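Take a look at the structure set out below.
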Amino acid sequence: MAPKNWRRIAKPWNGSGCDCRFYFSPLISLARIGRLNLLASFYERILVPPEVHHEVTVDGRGLPGAEEVRNAGWIEVAPQRLLADTSLEQACRGLGAGERSAILLAKTLPADLILLDEWKARRIAREAGFSIVGCLGVLEAGTRRGLVPDLRQAYIDLLRQGIRFEIGLLQESLARLGLPKL
């Protein structure tokens with residue numbers, strides 16, 4: 001059963017406010033650099049599977065952002081329903097528990113966008129028909145809206161927190177916005 005007040009947004013994400021999306025690794029990344037509330041400016045609600053919430057708030061206890069995620073009223077834990085798509089379940093078997101549960105949960109509800117960073121999870125989600133945005137896309141959108149005043153510093157903060165992104169991706173992102181390289 002879909003959560004109350006759920007609306008399907010049938011257009012790709014463009015950084016404008018939407019009701020609700022399914023989320024995993026960008027949640028951790030943004031929380032660790034103190035940018036978790038950036039998501040609240042784009043979405044009324046973020047649905048996460050129990051595995052993701054546990055990984056961030058219990059396994060990650062004491063890490064930057066864990067308490068912020070636990071206390072964010074706009075982040076909701078949504079239990080997964082049974083999925084009749086065995087081919088998607090099969091495709092997700094090689095993923096981590098968080099990515100797998102996020103994709104499978106999104107498929108059981110009328111979602112059209114999922115927020116993921118891990119490349120294999122992004123490929124599977126795209127093949128399942130989802131639009132995808134990751135941490136860098138959220139930060140870029142925040143920069144365009146004036147919510148992230150220094151994107152270069154945000155990327156440096158990600159790297160200092162041990163969050164791995166290819167430097168080439170970060171450089172391309174900065175170039176898209178006409179900003180100097182790292």
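Read-outs: derived from the displayed coordinates by stated rules, not from any lab. Model, not experiment: these values are computed from the prediction. We place every Cβ from the backbone using ideal geometry, glycine too, and count neighbours over all the protein chains shown.
Within a Cβ distance under 12 Å of A141, other residues only, what is the Lys/Arg minus Asp/Glu net charge? Local charge sum for A141: +3.
Residue by residue through the stretch 30-43, what is 3J(HN,Hα) from phi via Karplus (6.51 cos²θ - 1.76 cosθ + 1.60, θ = phi - 60°)? Round to whole Hz and write x for glycine and proline. Values, residue by residue: 5, 5, 5, 9, x, 10, 4, 5, 4, 5, 5, 6, 9, 10 Hz. Close amide H partners of V148, meaning residues 5 or more places away or on another chain with modelled amide H under 5 Å apart, are T143.
Derived scalar couplings between HN and Hα for the stretch 137-148 equal x, 5, 5, 4, 4, x, 5, 4, 8, x, 8, 10 Hz in order, rounded to whole Hz, by the Karplus curve 6.51 cos²θ - 1.76 cosθ + 1.60 (θ = phi - 60°), x for Gly and Pro.
In order along the stretch 55-63, phi translates into HN-Hα couplings of 4, 6, 8, 9, 5, x, 3, x, 7 Hz, rounded to whole numbers, per the Karplus curve 6.51 cos²θ - 1.76 cosθ + 1.60 with θ = phi - 60° and x for Gly and Pro. Counting every other Cβ atom within 10 Å of each residue's Cβ, S25, S131 order from fewest to most as S131, S25. Under 9 Å from the Cβ of A128, count the other residues' Cβ atoms, weight Lys and Arg +1, Asp and Glu -1, and hand me the total. Surrounding charge for A128 is 0. Annotation: amide H of I75 within the under-5 Å range of I46, sequence separation 5 or more or interchain, hydrogens built in the peptide plane.
Normalised by the number of residues in the stretch 18-137, the average gap of Cα pairs under 8 Å and 6 or more apart makes the relative contact order 31 percent. Can you give the net charge of the other residues whose Cβ lies under 15 Å from the Cβ of D150, counting K and R as +1 and D and E as -1? Net local charge, D150 excluded: +4.
Comparing P64, P26, P149 in a Gaussian network model of the chain, where Cα atoms under 10 Å apart are tied by springs, the biggest mean-square fluctuation is seen for P149.
For the chain, a Gaussian network of Cα nodes joined below 10 Å ranks L30, L47, L109 by mean-square fluctuation, and the top entry is L109.
To the nearest Å, what is the center-to-center distance of the stretch 167-182 and the stretch 66-113, using C-alpha atoms only? Between the Cα centres of the stretch 167-182 and the stretch 66-113 lies a distance of 30 Å.
Tell me whether the stretch 71-171 comes out rounded, prolate or oblate; compute the Cα gyration tensor, take square roots of the eigenvalues as a ≥ b ≥ c, and use a/c under 1.5 as the rounded threshold. Because a/c hits 1.5 or more and a/b exceeds b/c, the stretch 71-171 counts as prolate. Per the Debye formula with a single identical scatterer at each Cα and no solvent contribution, what log10 I(q)/I(0) holds for the stretch 18-137 at q = 0.10 Å⁻¹? Each listed q maps to, in turn, -0.26. Among the trypsin sites (Lys or Arg not before Pro) in the stretch 97-172, those located in a DSSP loop and surrounded by at most 13 other Cβ atoms within 10 Å of their own Cβ are R145, R164.
GNM on the chain, alpha-carbon springs under 10 angstrom: the most fluctuating residue among I28, I124, I167 is I167. Between helix 167-176 and the chain there is an angle of about 80 degrees, using the helix long axis and the longest principal axis of the Cα atoms.
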